[in-house]
1. With the range 91-205 as the region, which strands (runs of 3 or more DSSP E) entirely inside it contain at least 2 residues that are closer than 18 Å to residue 34 by Cβ and in contact with a His (Cβ under 9 Å, 6 or more places away or on another chain)?
2. Every residue in the range 88-110 that is closer than 15 Å to residue 75 by Cα and among the basic types (Lys, Arg), please.
3. Say we look at the range 3-40 and pick out the residues that are modelled with pLDDT under 95 and of a type outside the set (Gly, Ala, Ser); which of these is surrounded by the fewest Cβ atoms within 10 Å (Cβ to Cβ)?
4. Please enumerate the residues belonging to the range 63-102 that are of a type in the set (A, V, I, L, M) and near ligand 3 (Cβ under 10 Å from one of its atoms).
5. Anything in the range 95-111 that is within 16 Å of ligand 2 (Cβ to nearest atom) and over 17 Å from the mean Cα position of the chain (by Cα)? List them, or say none.
6. Go through the range 66-80 and count every residue that is touching a residue at least 40 places away in the same chain (Cβ under 8 Å) and within 16 Å of ligand 2 (Cβ to nearest atom).
7. Please verify whether residue 69 is acidic (Asp, Glu), at pLDDT 95 or above and more than 20 Å from residue 108 (Cα to Cα), treating the condition exactly as stated.
8. Kindly check whether there is at least one residue in the range 194-201 that is without any contact (Cβ under 8 Å) to a residue 40 or more places away in the chain and over 15 Å from residue 4 (Cα atoms).
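The values are calculated or read from the model by the stated rules, or taken from the named source; none is laboratory data. In this text, all values refer to a predicted model and were calculated from it rather than measured experimentally. In this analysis, Cβ positions are derived from the backbone assuming ideal geometry, glycine residues included, and neighbour counts consider all displayed protein chains.
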Amino acid sequence: MKDFKLYAITGEEFHQGRDLIEVMEEAILGGVDIIQLRDKKSKKIDVLKKAQALRELTKKHDVTFIVNDHIDVALAVDADGIHVGQDDLPLTEARKVMGPDKIIGISTHKIEEARAAEAGGADYIGVGPIFETKSKEDVVDPVTTQYIQQVANEITIPFVAIGGIKLHNVDQVLAAGATRVCMISEIVGADDVKGTCEKFIEILK
Ligand SMILES: Cc1ncc(COP(=O)(O)OP(=O)(O)O)c(N)n1
Ligand SMILES: Cc1nc(C(=O)O)sc1CCOP(=O)(O)O
Ligand SMILES: [Mg+2]
């Protein structure tokens, strides 16, 4: 997969009434190089419509597009890949459905899961939640930056830190060995989405 640094996930509850595509385009213009559609509430038809619009946007800006959970939607819109969790479709089955060329990312919360993801052919792993987050209902306890250190020391596929990351604590995440960060609320909930992303890009340099 094309490498990335700043990963933004949609979270329309934080958009303050702003249009999904406008918010995500601002994020892209600020430097986000991978976008994930995550929608836990909408009907499938509406998830599909949002995915179509985001596919068009990400194509226009040459940004990687990932769909969370819905493999059928990912395939229907020719997304670049899918993100699955530990309780979603297992990696082997996800690979069968997605084919060899699509990106498969998987969430991990402990080193055993990271090892299994690497051995199972994941293209990248999510490492989190690093800090407390209110953006995910069924979230496990924070894994802290210690888990980043473990992954950085052992895992060779790309990993992205996620969960409660903000401008004020991202230094701790990078100091622990992460080079890629992923956020919902700090990016899409910002008053100035583009400016916030530019600040992250400056810090990530
Ligand atoms: C990059 C990234 N990392 C982790 C997650 C969480 O996925 P999952 O555990 O399947 O939980 P839901 O997002 O489906 O609630 C993610 N989406 N993206
Ligand atoms: C979707 C998600 N997955 C996580 C994990 O640890 O796997 S934490 C999380 C929520 C991230 O949102 P925010 O940046 O607003 O904290
Ligand atoms: Mg999931």
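1. The strands (runs of 3 or more DSSP E) meeting that bar are 103-108, 124-127.
2. 95, 96, 102
3. Restricting attention to the range 3-40, the residues satisfying the condition of being modelled with pLDDT under 95 are 15-17.
If we keep only those that are of a type outside the set (Gly, Ala, Ser) too, we end up with 15-16.
Numbers: 15: 16, 16: 11.
The residue in question is 16.
4. The answer is 82, 84, 89.
5. 110, 111
6. The total comes to 1.
7. Details: acidic (Asp, Glu): yes; at pLDDT 95 or above: yes; more than 20 Å from residue 108 (Cα to Cα): no.
Against the criterion (acidic (Asp, Glu), at pLDDT 95 or above and more than 20 Å from residue 108 (Cα to Cα)), residue 69 does not qualify.
8. yes
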